[in-house]
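Read the structure below first, then the notes.
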2 protein chains.
Amino acid sequence: MNEDQLDLCRRLAGQLRVDSIRCSTSAGSGHPTSSLSAADLMAVLLVGHLCYDWGQPHSPANDHLIFSKGHASPLLYSMYRAVGVVDEDELVNTYRRLGARLAGHPTPALPWVDVATGSLGQGLPDGVGIALAGKYLDKLPYHVWVLCGDSETAEGSIWEALDKASYYKLGNLTAIVDINRLGQRGPTELQWDVERYAARVEAFGARAIVVDGHDLAAIDAALGQVRDGTDQPTVILARTIKAKGVPELEDKNGWHGKALPAEMAERAIAALGGPTSLRVTTPSPSAGPAVPAITADPGAAVVLPGYELGEKVATRVAFGAAIAALAVRPEVVVLDGEVGNSTHAEEFAKVCPERYFEMFIAEQQLVASAVGVAVRGYIPFASTFAVFFSRAYDFIRMAAISRANIRLVGSHAGVEIGEDGPSQMALEDLAALRAVYGSIVLYPADAVCAAKLTLTMADTDGIVYLRTTRGAYPVIYPAEETFLIGGSKLHHAGPEDQVALIGAGVTLHECLAAAEELAGLGIKARVIDAYSVKPIDRAALVEACKVTGSRLVVVEDHYPEGGLGSAVLEALANASVPPLRIAHLAVQGLPTSGRPAELLDAAGISSRHIVAAAQGLAEQ
Amino acid sequence: MNEDQLDLCRRLAGQLRVDSIRCSTSAGSGHPTSSLSAADLMAVLLVGHLCYDWGQPHSPANDHLIFSKGHASPLLYSMYRAVGVVDEDELVNTYRRLGARLAGHPTPALPWVDVATGSLGQGLPDGVGIALAGKYLDKLPYHVWVLCGDSETAEGSIWEALDKASYYKLGNLTAIVDINRLGQRGPTELQWDVERYAARVEAFGARAIVVDGHDLAAIDAALGQVRDGTDQPTVILARTIKAKGVPELEDKNGWHGKALPAEMAERAIAALGGPTSLRVTTPSPSAGPAVPAITADPGAAVVLPGYELGEKVATRVAFGAAIAALAVRPEVVVLDGEVGNSTHAEEFAKVCPERYFEMFIAEQQLVASAVGVAVRGYIPFASTFAVFFSRAYDFIRMAAISRANIRLVGSHAGVEIGEDGPSQMALEDLAALRAVYGSIVLYPADAVCAAKLTLTMADTDGIVYLRTTRGAYPVIYPAEETFLIGGSKLHHAGPEDQVALIGAGVTLHECLAAAEELAGLGIKARVIDAYSVKPIDRAALVEACKVTGSRLVVVEDHYPEGGLGSAVLEALANASVPPLRIAHLAVQGLPTSGRPAELLDAAGISSRHIVAAAQGLAEQ
């Protein structure tokens, strides 16, 4: 940058500070001091380094900018004003107001925001996902910039992210860490010890550049290095001062997350030179049309594997076959947490290694990578053991706020997994995933259903979760069966059914066995395959209630709270049906190791328990 | 060690290998190859360094040994046989069988196991918690040893743990990393690049010691260094060979998590010298009585803060006052995730800084530290924003398997938090926490209830979760009111009530306002304060149904699935009550920023929505 440009940066930084103060003081809340520390960094980025066509926020040529320290939203929105996409009125008068797109923490309600942030330590992992897409899928020269806070480096997810960034040689990723020394309630662990930060960053395989975060020329020099063709990710470690620019608050504890009172704000704004209306132009993305290397082909003919009725196939195996078949669609991407030979995601890797990303045992980064890849329009499937999505629950929750379209496939659910014991058993996942905003929860009982749902998931938006089973169970559906989200399948149904057995996944097989045994006992039982746990097929449940006098046995390989049983109760809460007479069979105790069938029985969810429960209801 | 001792180690390592193969082959599953790589390390540890009185597993003098790589349970259980606490029959014939205490992954069903492992990356964080207790609470010289896998160093939680271990100068902690180069499905990220491991470990403030993990003398020398009085945690980076001792499997991919077939096992056992029955004695814990520096005083008089009826006090503030009052009990420990000024946990720090541990923004380590401290019998309260416990959900789940007694306090729940927006709003926490095995979920509406429940939590075992509210609301209970777990409070109840309004926390106040408005409209409504969400007060719900013809309005500041609404439905599923006519008001859409009252209203859970719903029901 020449002197003129540096002067522009200086004036822009002043405006960003003034605007950060104005909008937060007007709102009466927010994080101005956390914005002020990073204003110089962002001014230089905007003037000289962020290649972005603001008129085309979804252009594949654009760089990406993520505020991992999402609480610095006053700064981000002030940048949007400076480039002319948010006007002064919106900035100053709508920030943090009801329904405003300028929310307390950034969300993709704004077209320039890729991912929602505000849960610290997530923006950088998400950025790794976008950079993966840039380097290996799009193969475009855009750069991913992530502004991080220093406090959030205490989150392990930051180190998962840097580890993967260096493993995948993401030279197209730059984290800028705003080391302002102060967290919410006091000094950070490392305070201004930038050398220790640098040692950590370098040990994790990134290039560390230490800089005075208020020296515009130094910042420019640092940012100018990152596109030098290296395949190392870069971490700019910027030593900054919290509240920089407002002397009475600079480097002072006790001012995190507090708007300046009106009088103090006025004083500060005046000292900063008063409000201005600078309009800056960011560098253009690389000249010429930016065409991603991959073109989606949603119409590609996917040939699913065929299965014989009665053949024993694990649903995780069927998922593997189906996801491999989906490889003909160039937009499908698979990520796994170093258990691809268990989830069977590796079947995709065998046919399409170039769109398979091994995330090793780092489930937070696994989900974040999926989110990042989805930002660029790809269709990511992320798989691991069902239970280990609990490691990434905060990331899944945030993905919902990001309105990300990601598919999660969890194998080895419930006590059915057997000998490995409770640490490996997903017994809370249906509850946890159902509670995620806008989620879809699927739990197929056979290979045909699993394969078809895998296909359906590819074209289903939102957080879509597929729970698969470890063991092999008989195929019960013919190849031509269809499985709608929100649907169910009915077995052994007749107009005189006395009881309905409702299962999903492994318990559906127990229900089918129970229905046969009940038939021998003279009790007519229909079986509902609730493969779509959320949304659940309310109509089928209502119909079953009407026929059976609301005699229902709900059976799930899950703890009693919040799973299939709750889904059934919620669906029927206001239905015009006879009073419910429900037996809910779920895993009540803490399981041990054992053989799958033994554990299903010990948990009280095997066919003999279903028979007994149904008998009890039928006699009522 | 002298030559005799090293020879003993050599023979012991052989026995550990043989026994690891025997038990897993007999079980037909398990992880023998992951056990074999660490057999030499553990043999030397047992013979020379682990100070443990096996007859007194709960002696405060004992060292602690955690298998963070819990899948190496064959090795751990073989060690138990070698010290004489598990016999050959139990080892060989019960491992992984139904109900056996020798489960697939270790659990505290065994008295020598402190914490359940099997979810990778958790044993070391738990160990940090025990070491914190050792150094700062017990002030005893015991050492905490953690055997880690190399694959699990991909988990961010490992780095959260080392970061906190160095921050707190835990020289009493040693991690031994079994770098066998192979994960479940292939090579690890860093394979045998021990220098890069060392750089990472040192950058995070620990002392790294690189060793050949099969050189007994070198291992002994390394382990011998760790008690040298340093206040740095130590990480032994042991280069090992997976399946070491079984030449045909050594360093071979494709053998993770597979028992050796019988014939191969026989061959391997013979080559290793056949089964032996060595009995080794571990070093004794330090001589003299080991008396922890802190003696519990459960009877200490806790003086809770007093509140005036009608006074506006946030429940998080009441928690802060109550936890500070609990500081008179020396066994109470508080940990927070760098938001103690928001959760108000810092009130404890003000009166008792020596039992307050700042975990910074590392929620996984926050919960793990609580688990570790609980291992030593302390009563830990861990607090952060309610929403950020989602970051530690896998740790909470595992804590339940560990049968750990931990108290979690989450502030800033629901849309009520206002301007910060959805990233900071816990809207899935009731569902997620209810689904945890044996958990208790509490959500007080006023300061008196919050303070008293805080007191009750201290003496309640299991995973106990308290959800507190950001804003200040009127005190509604007199100081003498009591709040039992599993109870509820009834307001405005009469024999002619037409409808029951069920709320908890912030929505209880909306229900109370609605009841008054309904009274003005001539509709009699009782209000139930369901402060105990799990277990819920079923009797009160049944009674309300009987009086009102089961006309219930359930109102919660939470997404619709799995929360208070589900708890009510589950409780009433089989009750002898009139058919339910239930209106469930919950947060249906994705919230924005806004003022708390605006957001409650926009979400459809404010008093006017309750009034409308109640009117609708009353007319039915």
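The values are calculated or read from the model by the stated rules, or taken from the named source; none is laboratory data. Fair warning: this is a prediction, and the values are worked out from it, not measured in the lab. Here Cβ is always computed from backbone atoms with ideal geometry, including for glycine, and neighbour counts include all displayed protein chains.
Is at least one residue of region A:525-532 touching a Lys or Arg at 6+ places or on another chain (Cβ under 7 Å), among the β-branched types (Val, Ile, Thr), surrounded by 23 or more Cβ atoms within 10 Å (Cβ to Cβ) and farther than 30 Å from B:Gly438 by Cβ?
The answer is no, given that none of the residues of region A:525-532 is touching a Lys or Arg at 6+ places or on another chain (Cβ under 7 Å), among the β-branched types (Val, Ile, Thr), surrounded by 23 or more Cβ atoms within 10 Å (Cβ to Cβ) and farther than 30 Å from B:Gly438 by Cβ.
Tell me, please, whether a residue that is in contact with a helix residue (DSSP H, G or I) (Cβ under 9 Å, 6 or more places away or on another chain) and closer than 20 Å to A:Val375 by Cα can be found in region A:28-42.
no
Within region A:88-137, track down each residue that is more than 13 Å from every other protein chain (Cβ to nearest Cβ) and charged (D, E, K, R).
Hits for region A:88-137 are A:Glu88, A:Asp89, A:Glu90, A:Asp114, A:Lys135.
Looking at region B:161-209 only, could you name the residues that are over 19 Å from B:Phe67 (Cα atoms), in contact with a strand residue (DSSP E or B) (Cβ under 7 Å, 6 or more places away or on another chain) and acidic (Asp, Glu)?
Within region B:161-209, B:Glu202 is the sole residue that qualifies.
Of A:Ala515, A:Ala539, which residue is buried (at least 24 other Cβ atoms within 10 Å of the Cβ) and either assigned by TED's automatic domain parsing to the domain that holds A:Leu427 or more than 22 Å from A:Val387 (Cα to Cα) (or both)?
Step by step, each of A:Ala515, A:Ala539 is checked, and only A:Ala515 is buried (at least 24 other Cβ atoms within 10 Å of the Cβ) and either assigned by TED's automatic domain parsing to the domain that holds A:Leu427 or more than 22 Å from A:Val387 (Cα to Cα) (or both).
Assuming A:Gln184 fulfils every condition listed in (1) touching an Asp or Glu at 6+ places or on another chain (Cβ under 6 Å); (2) within 16 Å of A:Gln364 (Cβ to Cβ); (3) polar (S, T, N, Q) apart from one, which condition is it?
Result: A:Gln184 passes all but (2).
One residue is enough: does region A:527-536 have a residue meeting the conditions among the small types (Gly, Ala, Ser), farther than 22 Å from A:Ala318 by Cα and in contact (Cβ under 8 Å) with a residue 12 or more places away in the chain?
Taking every residue of region A:527-536 in turn, none turns out to be among the small types (Gly, Ala, Ser), farther than 22 Å from A:Ala318 by Cα and in contact (Cβ under 8 Å) with a residue 12 or more places away in the chain.
If you take just the helices (runs of 4 or more DSSP H) that sit entirely in region A:545-620, which of them hold at least 3 residues that are surrounded by fewer than 22 Cβ atoms within 10 Å (Cβ to Cβ) and modelled with pLDDT of 95 or more?
A:596-602, A:607-618
For A:Ala318, state whether it is in contact (Cβ under 8 Å) with a residue 12 or more places away in the chain, closer than 12 Å to A:Ala458 by Cα and either of a type in the set (Phe, Trp, Tyr) or assigned by TED's automatic domain parsing to the domain that holds A:Thr468 (or both).
Spelling it out, it is not the case that A:Ala318 is in contact (Cβ under 8 Å) with a residue 12 or more places away in the chain, closer than 12 Å to A:Ala458 by Cα and either of a type in the set (Phe, Trp, Tyr) or assigned by TED's automatic domain parsing to the domain that holds A:Thr468 (or both).
Do we have B:Tyr142 as touching a helix residue (DSSP H, G or I) at 6+ places or on another chain (Cβ under 7 Å), modelled with pLDDT of 95 or more and part of a loop (DSSP other than H, G, I, E, B) here?
Yes, satisfied.
How many of the residues making up region A:346-378 are more than 10 Å from chain B (Cβ to nearest Cβ), closer than 21 Å to B:Pro187 by Cα and in contact (Cβ under 8 Å) with a residue 40 or more places away in the chain?
4
Within region A:259-274, which residues are surrounded by 15 or more Cβ atoms within 10 Å (Cβ to Cβ) and assigned to a loop (DSSP other than H, G, I, E, B)?
The answer is A:Ala259, A:Leu260, A:Leu272.
Taking B:Ser286 as the residue in question, decide whether it is among the polar types (S, T, N, Q), exposed (fewer than 15 other Cβ atoms within 10 Å of the Cβ) and more than 24 Å from B:Leu132 (Cα to Cα).
So B:Ser286 does not fit the description; no.
If A:Leu600 satisfies every condition in (1) at the interface with chain B (Cβ under 8 Å from one of its Cβ atoms); (2) in contact (Cβ under 8 Å) with a residue 24 or more places away in the chain but one, which is the exception?
For A:Leu600, the exception is condition (1).
Looking at region A:569-581, I want the residues that are of a type in the set (Val, Ile, Thr) and have a partner that is in a helix (DSSP H, G or I) with Cβ atoms under 7 Å, at least 6 apart or on another chain. Which pairs are those?
A:Val577/A:Val542; A:Val577/A:Cys545; A:Val577/A:Lys546
Residues checked against (1) over 24 Å from B:Pro261 (Cα atoms); (2) touching a residue at least 40 places away in the same chain (Cβ under 8 Å); (3) in a helix (DSSP H, G or I); (4) basic (Lys, Arg):
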residue	(1), (2), (3), (4)
B:Cys9	yes, yes, yes, no
B:Cys23	no, yes, yes, no
B:Ala43	yes, yes, yes, no
B:Gly48	yes, yes, yes, no
B:Tyr52	yes, yes, no, no
B:Pro60	yes, yes, no, no
B:Ile66	yes, yes, no, no
B:His71	no, yes, yes, no
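Which numbered condition trips up A:Ile176, out of (1) at the interface with chain B (Cβ under 10 Å from one of its Cβ atoms); (2) among the aliphatic types (A, V, I, L, M); (3) buried (at least 21 other Cβ atoms within 10 Å of the Cβ)?
The number of the failed condition is (1).
Identify all residues within region A:582-594 that are at the interface with chain B (Cβ under 7 Å from one of its Cβ atoms) and either over 14 Å from B:Ala27 (Cβ atoms) or of a type outside the set (S, T, N, Q) (or both); write none if there are none.
Listed by number, the residues that qualify are A:Ile582, A:His584, A:Leu590, A:Gly594.
Could you look through region A:296-321, keep only residues that are touching a helix residue (DSSP H, G or I) at 6+ places or on another chain (Cβ under 8 Å), assigned to a loop (DSSP other than H, G, I, E, B) and small (Gly, Ala, Ser), and pick out the one that is surrounded by the most Cβ atoms within 10 Å (Cβ to Cβ)?
Of everything passing the filter in region A:296-321, A:Ala300 is surrounded by the most Cβ atoms within 10 Å (Cβ to Cβ).
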